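Have a look at the structure below, then the notes.
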Amino acid sequence: ACRRIAREIRGATVTALARAVREDIDAVWGAIKEAESPQIHIVLSVSDVHIDRKLGMTRAQVLQRGAEMVSYARSLCDRVQYSPEDAGRADPDYLIETVETMIAAGANVINIPDTTGYCLPWEFGEIVRRAITEARGSETALFSVHCHNDLGLAVANTLAALAAGARRVECTINGIGERAGNTALEEIVMLLNVRQAKLGLECAVD
């Protein structure tokens with residue numbers, strides 16, 4: 001399915017998600033490499049609860065693994081996106097260190113996810129603002145956000161992130177997604193359209 005999309009769709013970046021392991025990255029590249037604009041998207045945990053209970057690793061090991069896999073992905077593809085999973089519950093200083101490390105390794109898109117739908121809008125906006133303003137090398141990367149709707153705040157958190165400097169939104173049609181869903185594409189599009197004068201932002205969706 002990914003190969004067919006990559007071969008037929010033009011005018012858009014085509015990406016697929018990989019864990020921070022070579023086999024996943026190879027599978028993604030094999031699926032999307034024929035795209036006009038391919039991108040490899042790598043995800044690896046950044047919160048302590050995920051690092052400890054999900055991965056059984058240390059913070060240092062996660063940084064090393066992430067950097068190695070980003071570097072490997074860049075050897076295959078010019079566009080590499082890195083998602084520090086569960087950023088909404090992570091130590092902010094470690095998140096900034098992670099962002100710096102992955103940019104230095106070659107990531108040119110950084111996606112900040114509220115994986116568990118935990119954040120309040122002002123919290124999430126501050127997380128994104130700090131990542132953009134404090135991480136060395138951030139001016140070379142595009143910042144994206146990926147919000148979940150467990151507390152009904154996915155669109156509000158996304159708007160706060162846009163106000164803080166994020167310029168890509170990961171969203172789904174009708175907000176459909178795991179658990180309570182994700183940021184709704186049509187709500188973000190209409191928010192940017194109807195309140196463009198106030199927000200000073202626009203998107204290319206007709």
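The values are calculated or read from the model by the stated rules, or taken from the named source; none is laboratory data. All of these numbers come straight from a predicted model, not from anything done at the bench. Using ideal geometry, Cβ is built from the backbone for each residue, glycine included, and neighbour counts are taken over all protein chains shown. For accessibility, only protein heavy atoms count, side chains too; no ligands or nucleic acids. Shrake-Rupley method; radii C 1.70, N 1.55, O 1.52, S 1.80 Å.
Counting Lys and Arg as +1 and Asp and Glu as -1 over every other residue whose Cβ lies under 14 Å from the Cβ of Ala104, the net charge comes to -2. Sorted on the mean count of surrounding Cβ atoms within 10 Å across their residues, most packed first, peptides 61-68, 5-12, 123-130 read 123-130, 61-68, 5-12. Phi-derived couplings, Karplus 6.51 cos²θ - 1.76 cosθ + 1.60 at θ = phi - 60°, listed residue by residue for the range 169-182: 10, 8, 8, 9, 5, 6, x, 5, x, 4, 6, 7, x, 10 Hz, with x used for Gly and Pro.
Every helix of 4 or more DSSP H residues in the chain counts as -39500 (n - 2.57), and over all residues that averages to -13000 deg cm²/dmol at 222 nm. Projecting the Cα atoms of Met102, Thr158, Ala18 onto the charge dipole of the chain, computed from C-beta unit charges around the Cα centre, puts Ala18 farthest toward the positive end.
Let me have the relative contact order for the range 1-77, percent, based on Cα pairs under 8 Å that are six or more residues apart. 31 percent.
For the chain, list log₁₀ I(q)/I(0) at each q in 0.10 Å⁻¹, using the Debye formula over Cα point scatterers of equal strength and ignoring solvent, two decimals each. Relative scattering, expressed as log10 I(q)/I(0), comes to -0.41.
Computed as a quarter of the hull surface, the mean projected area of the alpha carbon convex hull for the range 68-149 stands at 5.0 nm².
Amide H to amide H distances under 5 Å link His41 with Ala16, Ala18, Gln81, where only residues 5 or more positions off or on other chains count and H is placed in the peptide plane. In a reduced charge model with +1 at each Lys and Arg Cβ and -1 at each Asp and Glu Cβ, the chain shows a dipole moment near 360 debye about its Cα centre.
Sort out for me the Cα centre separation of the range 60-93 from the range 176-200, rounded to whole Å. Between the Cα centre of the range 60-93 and that of the range 176-200, the gap is 27 Å.
For the chain, the solvent-accessible area works out to 51 Å² per residue, with a probe of 1.4 Å and every protein chain left in place. Less than 5 angstrom separates the built amide H of Glu85 from those of Leu44, Ser45, Val46, all sequence-distant by 5 or more or on a different chain.
A protection proxy built from the mean count of other Cβ atoms within 10 Å ranks the segments 50-60, 168-178, most packed first, as 168-178, 50-60.
Under 5 Å from the amide H of Thr183 lie the amide H atoms of Cys147, Thr172, each residue being 5 or more positions distant or on a separate chain, with H modelled from the backbone and absent for Pro and chain starts. Sequentially through the range 143-153, phi angles give Karplus couplings (6.51, -1.76, 1.60; θ = phi - 60°) of 9, 10, 9, 9, 10, 10, 10, 4, 10, x, 10 Hz, Gly and Pro residues having no value and appearing as x.
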